[in-house]
Amino acid sequence: MAADVRAASGAIVEHAEMEFAAVSALTLAVALTAATLTALAVSLLLARRMGSSLGNLSRAASEVAAGRFDLHLIQPHVGIEFDNLAEAFNTMAEQLEEDQRVRRLLTADVANELRTPVATISTYLDALEEGLRELTPTTLEVLRAQACRLTRLASDLAAVTQAESGILHLDQIDHDPADLLVAAVLGAQDRADGAGVALVLRIAPGLPDVRVDPERFGQVLGNLLDNAIRHTPAGGKVTLSAASCSDGVRIVVADTGDGIAQQYLPHVFERFYRVNTSGDGHGGGSGLGLAIAKALVRAHGGSISAHSPGVGQGAWFIIDLPVA
């Protein structure tokens, strides 16, 4: 009797285990099927969204290639990588649009700068050819001056383009700032004397060395001194000074000349920007000197800024250079 009970119990347990295995297998099959279908649906959804995002990006890239930069991609929110890609594309399009705007302005400015010397040379040549003017020393001086103006413009354009594009090679060495300032003053002394402007040099003792390209940084100081002398009337003063500051060495070019109105200060380092357009004799530059100075100072890891209390109260330009 006991044996029959045990046999019956064993059969029941075996049957239960078989039923459990069958149910487990069915449940697993249903779960796997549901998971597969869900994964497939999600994959299809993501694929469609990613495909749509890539399609939008492709169309936007084609528009940019065709010269349209006023585009803005909406972040697809299908992953941080795609959002970052959309943001980077928008930034690129904005930068290209700004570059195009600057390029148009530069082309217009160059055309305007070339117009006057070319017209002057053409007029004098026509007059010489028709016998209306003789080839006198005065005529030669005018033609030579206009040719020099064209040469200076071409040289300045090349310099500012190289400096701003980052392709300018700098032969930087550790240099005593005092030597740089002395050389700059010696180079500008004749121009200051000719303009009747006093040129003053002030150098604080114990300045640390700065790491610069002497030739290129000499160009910076030369441009600033030329600008100051050109905008300072006879009897005025231009001061070149250097002193230590918290971040390195501070160099200042100050003058007692025309000064700059507050609304013009943010623009003085732009290409071809001239504050003084009155034709009172303080002009003559290419309009690129300060743009070149700013680009070269930045290439040296420094900063430059312009300051003035107002018209007729002088101006000063501050250069901060890191120590070597």
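Read the figures in this text as sums done on the coordinates, not as results from a lab. Predicted model only: the values in this text are computed from it and were never measured. Reconstructed Cβ throughout: ideal geometry from the backbone, glycine too, with neighbour counts over all protein chains shown.
The order of Val249, Val297, Val185, going from fewest to most other C-beta atoms within 10 Å of their C-beta, is Val185, Val249, Val297. Close amide H pairs (under 5 Å, H built 1.01 Å from N) link Leu71 with no residue at least 5 positions away or on another chain. Per-residue Cβ neighbour counts within 10 Å put Val311, Val220 in the sequence Val311, Val220, beginning with the fewest. Under 5 Å between amide hydrogens, built in the peptide plane, is the criterion, and for Val200 it picks out Val238, Thr239, Leu240 among residues at least 5 positions away or on other chains. Ordering Val118, Val210 by the number of other Cβ atoms within 10 Å of each residue's own Cβ, fewest first, gives Val118, Val210.
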